[in-house]
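Heads up, the thing below is written out as C-alpha cells.
The values are calculated or read from the model by the stated rules, or taken from the named source; none is laboratory data. Because the structure is predicted, anything quoted here is derived from the model rather than measured. Methodologically, a virtual Cβ is constructed for each residue, glycine included, from the backbone with ideal geometry; neighbour enumeration extends over all protein chains shown. Areas reflect the complete protein model, heavy atoms only, side chains present, ligands, DNA and RNA absent. Shrake-Rupley method; radii C 1.70, N 1.55, O 1.52, S 1.80 Å.
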Amino acid sequence: MLRCSRCGRTYPEAFRLTCECGGTLLVERPPETFTPEPFLDARRYLTHLPIENYVIPVPTITPVSEMEINGVKAIFKLEYLQPSGSFKDRGAWVTVSKLLEEGISEVVLDSSGNAALSLALYGLSAGIKVHTFVSYDTSPGKLSLLQQLGAVVHYVEGDRMTVHERTAEFSERSGITYVSHWLNPYFLEGTKTIAFEIYEQVGVPDWVLSPAGSGTLFLGLWKGFSELKATGEIEGLPRLVAVQASGYESLCGRSHARNALAEGIAIPEPPRLDEMKRVLRETDGLCVSINELETMGALNWLKRHGFLVEPTSAVVLSALWKLIEMGEIKRGERAVLPLTGSGLKLTQGI
C-alpha cells in the first residue's frame with residue numbers, strides 16, 4: 001500500500017504522486033526475509049519491489065572500488081555505469097514497469113537531465129511517450145541524448161524550481177500523467193536497491209555520503225537499509241550524509257555563493273524535505289554544503305583516479321575530505337560514496 005508521510009492515510013498500490021492532504025507517499029509493505037533472486041542485475045530484488053512485470057533494459061548491479069583516503073576506507077559505488085549513465089535508472093525502471101502495468105502510455109516529467117534520460121530510455125522500450133521539461137542551462141550532451149531517445153523536449157527559461165512549476169502546469173492543462181521523480185513513491189522503490197547492493201557487497205558501512213537535492217537517492221538509501229533492518233537482516237543503519245550544493249541548500253544553512261557546477265542537486269525547495277530531515281535525525285546523519293571550487297577540486301581528483309563522472313557526483317568526495325578534516329569521520333571507518341552520473345553525457349558531440 002501507499003502511506004502518506006504527513007497524515008498517515010493509505011492508498012492501494014496504484015500510480016499516485018501525493019495524498020489528498022498534499023503529503024508525499026511511500027510504498028509500505030510487511031517486512032519479508034531478505035531473499036535475493038539469482039540474477040546479476042536489478043531483478044535480483046524483485047521480491048522486494050512493488051511490480052509484477054518489468055521492462056527491458058534492466059539496471060545493472062554496479063561495482064565498487066575501494067581505496068584508503070587519510071586512513072578512511074572510501075568505497076566508491078560506480079552508479080555512473082548504469083545503462084543511461086546515472087543511478088536514476090533504478091527509479092525509472094520501477095516507474096516505467098508500474099506505468100506499463102497500468103496502461104499509461106504518455107507521461108511528462110521535469111529534470112536537470114539524468115532523470116529524463118533514464119525515463120526516456122526505459123520508456124522507449126515500453127512504448128511510452130515521454131515529455132520532458134528542462135532548463136535552457138541543461139548540458140548540451142544530455143539534450144542531444146534526449147532527442148536521440150525520442151523524448152519531446154520542452155525548454156523553460158528559469159531555474160530548477162521554475163521548471164518544476166511549468167511541468168506541473170502542463171500536466172494539469174494537458175491531462176498527461178506527471179511522473180515527477182521528486183514525488184513518485186515508485187522511484188524511491190527503485191533507488192532503495194542501491195542499499196541492498198551495498199549490503200551484499202560490503203556489509204553495513206559506517207557512513208554513506210549522498211548528493212541530496214530532491215532526495216531521491218538519499219531517501220532511497222534510507223529506505224533500503226531500513227527495510228533490511230525491519231527484516232532482522234541487519235542490526236543498525238549507517239550514518240547518512242546529505243551533501244548539498246552551496247546556494248541551494250535545504251538541509252544545511254543557505255549560502256550566498258551558488259554552486260552552478262552541481263546542477264543535479266540545485267534544488268532549494270524539495271517536496272520531501274520533512275522526510276529528509278527525519279532521516280538525518282534517525283540515522284544521526286549530517287548535512288554538508290559544497291561550493292563550486294570544492295566541487296572542481298574533487299572532480300579533478302576523481303578524473304585522475306579513473307572515475308569519469310559529472311560534477312554533481314564529485315560533491316561526495318569533497319564532503320568526505322571535509323568530514324575527515326573536522327574529525328567526524330575517523331581513521332579506520334568505512335564510507336560509501338555513490339558516484340551518481342557519467343561525465344560522458346556532458347560532451348556536446350555525443
Legend entry - Under the Karplus curve 6.51 cos²θ - 1.76 cosθ + 1.60, θ = phi - 60°, whole-Hz ³J(HN,Hα) for segment 177-188, x wherever Gly or Pro sits: 4, 8, 10, 2, 5, 5, 9, 5, x, 6, 5, 5
Inset, instruction - Name the most mobile residue of P211, P31, P311, meaning the one with the largest mean-square fluctuation, in a Gaussian network model of the chain with Cα contacts below 10 Å. - result: P31
Legend entry - Proximal aspartates and glutamates relative to K303, as straight alpha-carbon distance under 19 Å, when same-chain residues fewer than 8 apart are discounted: E66, E68, E79, E263, E292, E294
Inset, instruction - Among H305, H131, H181, determine the one that fluctuates most according to a GNM of the chain built with springs between C-alpha atoms less than 10 Å apart. - result: H305
Inset, instruction - Tell me the chymotrypsin sites (Phe, Trp or Tyr not before Pro) within segment 106-149 that lie in a loop according to DSSP and have at most 14 other beta-carbon atoms within 10 Å. - result: Y136
Inset, instruction - Starting from the coordinates of the alpha-carbon atoms of segment 23-73, obtain the Kirkwood hydrodynamic radius over all distinct pairs and give the value in Å to one decimal. - result: 14.2 Å
Inset, instruction - Take the solvent-accessible surface of the protein heavy atoms, probe 1.4 Å, and return the percent of it on the chain that carbon and sulfur atoms account for. - result: 49 percent
Legend entry - Whole-number Å³ per residue for the convex hull built on Cα positions in segment 73-213: 119 Å³
Legend entry - Sparse-neighbourhood loop sites, trypsin sites (Lys or Arg not before Pro) in segment 124-195 - DSSP loop, at most 11 other Cβ within 10 angstrom: none
Legend entry - Two-decimal Rg to Rh for segment 71-155 - Kirkwood Rh, Cα set: 1.05
Inset, instruction - Check cross-link reach from K277 to the lysines: straight Cα distance under 17 Å, and skip same-chain residues fewer than eight apart. - result: K223
Inset, instruction - Pop out the ³J(HN,Hα) list for segment 244-252 in order, Karplus 6.51 cos²θ - 1.76 cosθ + 1.60 with θ = phi - 60°, rounded to Hz; leave Gly and Pro as x. - result: 10, 8, 4, x, 10, 5, 10, 9, 7
Inset, instruction - Sum -39500 (n - 2.57) across every DSSP H segment of at least 4 residues in the chain, then divide by the residue count to get the 222 nm mean residue ellipticity, nearest 500. - result: -11000 deg cm²/dmol
Legend entry - Candidates G327, G236, G215, ranked by Gaussian network fluctuation over the chain, Cα under 10 Å, top entry: G327
Legend entry - For segment 186-256, fraction of C-alpha pairs farther apart than 14 Å, in %: 59 percent
Inset, instruction - Apply the Karplus parameterisation 6.51 cos²θ - 1.76 cosθ + 1.60, with θ equal to phi minus 60°, to every residue of segment 339-344 and state each ³J(HN,Hα) to the nearest whole Hz, in sequence, with x for glycine and proline. - result: 9, 8, x, 6, x, 5
Inset, instruction - Work out, in µm²/s and without decimals, the Stokes-Einstein translational diffusion coefficient of segment 243-339 at 25 °C, 0.890 mPa s, Rh from Kirkwood over C-alpha pairs. - result: 176 µm²/s
Inset, instruction - Express the accessible area of the chain per residue in Å², computed with a 1.4 Å probe while the remaining protein chains stay in the model. - result: 39 Å²
Legend entry - Inter-centroid distance (Cα atoms) of segment 264-331 relative to segment 121-185, Å: 26 Å
Inset, instruction - For H154, list long-range residues whose amide hydrogen, built 1.01 Å from N in the peptide plane, is under 5 Å from its own amide hydrogen. - result: T132, F133, V134
Inset, instruction - Name the long-range amide H neighbours of I234: under 5 Å, sequence gap of 5 or more, or other chain; modelled H, no Pro or chain starts. - result: K229
Legend entry - Volume per residue that the Cα convex hull of segment 179-320 spans, once the total is divided by residue count, Å³: 107 Å³
Legend entry - segment 145-236 - Rg and Dmax from Cα coordinates, angstrom: 17.3, 49
Legend entry - Debye log10 I(q)/I(0) at q = 0.06, 0.09 Å⁻¹ for the chain, Cα point scatterers: -0.19, -0.43
Legend entry - DSSP-assigned coil residues among GluC sites (Glu not before Pro) in segment 14-119, each with at most 11 further Cβ atoms within 10 Å: E20, E32, E52, E102
Legend entry - Unit charges on C-beta of K, R, D, E only; dipole of the chain, Debye: 260 debye
